[in-house]
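Asks: Attaching a single structure in structure tokens format; questions to follow.
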Amino acid sequence: MEALWAAGGLLLALALLAFLLYCCYVRYIHAKYDHIPGAPRESFLFGHLPIIWRMVRKQEFTPDLLLQWAEKYGPVIRMNAFHRVSVLIVSPEGVKEFLMSPQHPKDPIVYGTLFRLFGERFLGNGLVTVCNHEHWHKQRRIMDPAFSRSYLIGLMDTFNEKAEELMEKLEEKADGKTEFSMLSMMSRVTMDIIGKVAFGLELNSLSDDQTPLPNAVTKVMEGLNKARVPFMRFIPGKQKFVKEVRESVRLLRRVAKECIDRRREAIQNGKEATMDILTQILKGAALEETRDDENILDNFITFFVAGHETSANQMTFTVMALGQHPEILERAQAEVDEVLGAKRDVDYEDLGKLTYLSQILKESLRLYPPVSGTLRRLEKDDVINGIRIPGNTTVFLNTYVMGRMEKFFKDPLTFDPDRFSKDAPKPYYCYFPFSLGPRSCIGQVFAQVSRGLEQHLASKHWASSGCAEHGWWWAPGATLMPCALALFCSEGRSPPCPWHVSQMLSQEQPWYLQGGAAGCTPSNCPGSACLNPNPLMEISVNIPLPAKVKHTGMCRGSWDHPMASTDTIKAGKTSAGGGHKPELAQRR
């Protein structure tokens, strides 16, 4: 017994000694980095993490915290978490230094977490996640021809076909009564486009939302968001979800392998292979005399998963922005009419003439970049904006933050496409939604063509609703996406009172209310400027997670709802308030 007590005491002493040594190391790290400006640490050990945890609990949008710090402490800002220090850089000089030079690799600590998802190989060493420059350069050399301008011109027929299918689906919904998810529509059409032009797959997810591959992509993205929770794989009650995510990853890689094997066999047998991106990649790999099927699978998953989500998110944000700015939409429609007239299909050359439409897409990316930034590893000491940054530091470069700073963009929260007109000052090194330099997004031309074509058709045939006050919010996750709980309006009723909406949404359990009536009077509404003396509100909404709405003073549909996860928000048929039409209304 005495021996057990002695052993226990020794273990306790060793644990205490290890903790004290770790605290000394943390203190050394603080001394090493404290010359860099930053917000005060809330905890010796946890650093700034308590601030972020508090924002997550309140369901606030954490990138806005980085924006506040950038305005107050920039251009170089220190962020502490345990013994690790990251540095946020919000200066054009810093962005140029870290993105334009190949000597600063991607941070393997961060991007290495995407190699596997819950134990299954996910993005592996694809173009986005590979950190070794030579390995990346070899992959890029193989894949570059598949994303060239000359090759993409030949894909215009497919782009036109899928965009027309989208318009047909939207026409079916535009009856003045049906509510639908624009994000879901955009997600499915971009998935169909990528599947067809990249890998020769006919997914038909736009017409059938139960097809297995698109559903697997959705499940994988959900898993990627949840994987940030420590030890998610081992949390009781989450085993079923983790199993579904792993099965979805295996399905994606199995389908990818089948596509690759079929295409390689066709090429080797001299058969006429579909001229898509996969064929170009396989031919490029053959010329390089390399065969790394796992790496080709990695890039298949990378392009399919990341490409479809970012495109869908940006298109949805753009539609929402146009719905809030009818004068911009009208100007875009006039440009489309002038350039195309009665033409049904769009040629590649036509897209270059739609300059204002291009400006709209760029402005959408400035305010709502699906990928907010990128990370690099500083391996040796360097001086940025007069501040010394020690080596072995993670550097964060954020286009969302810089795109919303008054220092770089006048009235940054105003949606103004003319910022990107040919006569406007160029936003050098403060606007990089596709990154910059050698590691810039290989699919950016592909994305610009597909998004430009879809937005052109939406501008030509459709007008977003004039309901500028309906709710739409950020849902930060693997990418930044719109999260729409829209209370669409029908004639004869006043808009809903946000205070009543907030009361229902503040409940901690999922709820479903249909046909409920809520009267708002000066005696029961805390809004100081209530415009609803006698509204009747009918709501039918299903929310599968706790949600809170913060009243902002104006009751005519003005409220904030910062989401803290990408859990799906499903809206049923909703009607409240006066005179507005559903999300899209057919252009007369």
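Asks: Return the only residue of HIS461, HIS470 being within 30 Å of ASP157 (Cα to Cα), modelled with pLDDT under 95 and not β-branched (Val, Ile, Thr).
Replies: That would be HIS461, the only listed residue that is within 30 Å of ASP157 (Cα to Cα), modelled with pLDDT under 95 and not β-branched (Val, Ile, Thr).
Asks: Given the criterion touching a Leu at 6+ places or on another chain (Cβ under 9 Å), surrounded by fewer than 22 Cβ atoms within 10 Å (Cβ to Cβ), of a type in the set (D, E, K, R) and in a helix (DSSP H, G or I), identify the matching residue among ARG264, ARG254.
Replies: Details: ARG254 fails: touching a Leu at 6+ places or on another chain (Cβ under 9 Å).
Of the residues listed, the single one that is touching a Leu at 6+ places or on another chain (Cβ under 9 Å), surrounded by fewer than 22 Cβ atoms within 10 Å (Cβ to Cβ), of a type in the set (D, E, K, R) and in a helix (DSSP H, G or I) is ARG264.
Asks: Out of (1) modelled with pLDDT under 85; (2) touching an Asp or Glu at 6+ places or on another chain (Cβ under 8 Å), the odd one out for ASP192 is which?
Replies: All conditions pass for ASP192, except number (1).
Asks: Could you check how many residues of the stretch 405-430 are modelled with pLDDT under 95 and acidic (Asp, Glu)?
Replies: 1
Asks: Now for a separate question. How about the stretch 265-306: which of its residues are more than 30 Å from the chain's Cα centre (by Cα) and closer than 20 Å to PHE147 by Cβ?
Replies: Of everything in the stretch 265-306, those that are more than 30 Å from the chain's Cα centre (by Cα) and closer than 20 Å to PHE147 by Cβ turn out to be ILE267, ALA273, THR274, LYS283, GLY284, ALA285, ALA286, LEU287, GLU288, THR290.
Asks: Also, I was wondering about something else. Being assigned to a loop (DSSP other than H, G, I, E, B) and of a type in the set (A, V, I, L, M) is true for just one of LEU88, LEU152, LEU123. Which residue is that?
Replies: Numbers: LEU88 fails: assigned to a loop (DSSP other than H, G, I, E, B); LEU152 fails: assigned to a loop (DSSP other than H, G, I, E, B).
Matching residue, one of LEU88, LEU152, LEU123: LEU123.
Asks: Okay, next question. In the stretch 223-244, how many residues are surrounded by 12 or more Cβ atoms within 10 Å (Cβ to Cβ), without any contact (Cβ under 8 Å) to a residue 60 or more places away in the chain and among the hydrophobic types (A, V, I, L, M, F, W, C)?
Replies: Going through the stretch 223-244 one residue at a time, the tally reaches 2.
Asks: Kindly provide the set of residues from the stretch 377-396 that are on the phi < 0 side of the Ramachandran plot and in contact with a Ser or Thr (Cβ under 8 Å, 6 or more places away or on another chain), ordered by number.
Replies: ARG377, LEU378, ILE384, THR393, THR394, VAL395, PHE396
Asks: Within the stretch 181-199, identify whether any single residue is part of a loop (DSSP other than H, G, I, E, B), in the same structural domain as LEU251 (by TED's automatic domain parsing), over 30 Å from ILE235 (Cα atoms) and within 21 Å of the chain's Cα centre (by Cα), and answer yes or no. Quick ask: steps written out before the conclusion?
Replies: Start the filter on the stretch 181-199 by keeping residues that are part of a loop (DSSP other than H, G, I, E, B), which leaves 181.
Filter once more, so that each one left must be in the same structural domain as LEU251 (by TED's automatic domain parsing): 181.
Applying the additional criterion that residues be over 30 Å from ILE235 (Cα atoms) yields 181.
Now drop any that are not within 21 Å of the chain's Cα centre (by Cα), which leaves 181.
Among the residues of the stretch 181-199, at least one is part of a loop (DSSP other than H, G, I, E, B), in the same structural domain as LEU251 (by TED's automatic domain parsing), over 30 Å from ILE235 (Cα atoms) and within 21 Å of the chain's Cα centre (by Cα), which makes the answer yes.
Asks: How many of the residues in the stretch 87-102 are modelled with pLDDT under 95 and among the polar types (S, T, N, Q)?
Replies: 1
Asks: Same structure, new question: Cβ-Cβ below 6 Å, separation at least six or inter-chain, first residue in the stretch 405-430 and assigned by TED's automatic domain parsing to the domain that holds ALA321 and closer than 25 Å to GLU97 by Cβ, second among the charged types (D, E, K, R) and surrounded by 11 or more Cβ atoms within 10 Å (Cβ to Cβ): which pairs?
Replies: Pairs that qualify, where the first residue is assigned by TED's automatic domain parsing to the domain that holds ALA321 and closer than 25 Å to GLU97 by Cβ and the partner is among the charged types (D, E, K, R) and surrounded by 11 or more Cβ atoms within 10 Å (Cβ to Cβ), are PRO412/ARG404; PHE420/LYS362; TYR429/LYS96.
Asks: Let me ask something else about it. Tell me yes or no: at least one residue of the stretch 48-63 is acidic (Asp, Glu), assigned to a helix (DSSP H, G or I) and more than 14 Å from GLY373 (Cβ to Cβ).
Replies: From the stretch 48-63, those acidic (Asp, Glu) are 60; that's our starting set.
Right, trim to assigned to a helix (DSSP H, G or I) and you get none.
No, the stretch 48-63 contains no residue that is acidic (Asp, Glu), assigned to a helix (DSSP H, G or I) and more than 14 Å from GLY373 (Cβ to Cβ).
Asks: Another question, then. Which one of GLU272, GLU294, GLU335 is farther than 30 Å from ASN132 by Cβ and assigned to a helix (DSSP H, G or I)?
Replies: Result of the check over GLU272, GLU294, GLU335: GLU335.
Asks: Restricting to the stretch 82-117, what's the tally of residues that are buried (at least 16 other Cβ atoms within 10 Å of the Cβ) and of a type in the set (Gly, Ala, Ser)?
Replies: Selection size over the stretch 82-117: 3.
Asks: Give the residue, chosen from ARG141, ARG78, that is part of a helix (DSSP H, G or I) and either outside the structural domain of THR393 (by TED's automatic domain parsing) or modelled with pLDDT under 95 (or both).
Replies: Going through ARG141, ARG78 in turn, just one is part of a helix (DSSP H, G or I) and either outside the structural domain of THR393 (by TED's automatic domain parsing) or modelled with pLDDT under 95 (or both): ARG141.
Asks: Next up: For the stretch 334-393, name all the residues that are farther than 28 Å from LYS162 by Cβ and without any contact (Cβ under 8 Å) to a residue 60 or more places away in the chain.
Replies: GLY373, LYS380, ASP381, VAL383, GLY386, GLY391, ASN392
Asks: Further question on the same structure: Looking for whichever is surrounded by fewer than 22 Cβ atoms within 10 Å (Cβ to Cβ) and either within 30 Å of PHE420 (Cβ to Cβ) or at pLDDT 95 or above (or both) here; the options are ASN385, ASN398. Which one fits? So that I can check it myself, show each step before the final result.
Replies: Details: ASN398 fails: surrounded by fewer than 22 Cβ atoms within 10 Å (Cβ to Cβ).
ASN385 is the lone residue from the list that is surrounded by fewer than 22 Cβ atoms within 10 Å (Cβ to Cβ) and either within 30 Å of PHE420 (Cβ to Cβ) or at pLDDT 95 or above (or both).
Asks: Residue under question is ASN132, and the condition is that it be more than 26 Å from TYR428 (Cβ to Cβ), buried (at least 20 other Cβ atoms within 10 Å of the Cβ) and more than 19 Å from the chain's Cα centre (by Cα); does it hold?
Replies: no
The values are calculated or read from the model by the stated rules, or taken from the named source; none is laboratory data. Owing to the predicted nature of the structure, the values given are computational and were not obtained by experimental measurement. Note that each Cβ is placed from the backbone with ideal geometry, even for glycine, and that neighbours are counted across all protein chains shown.
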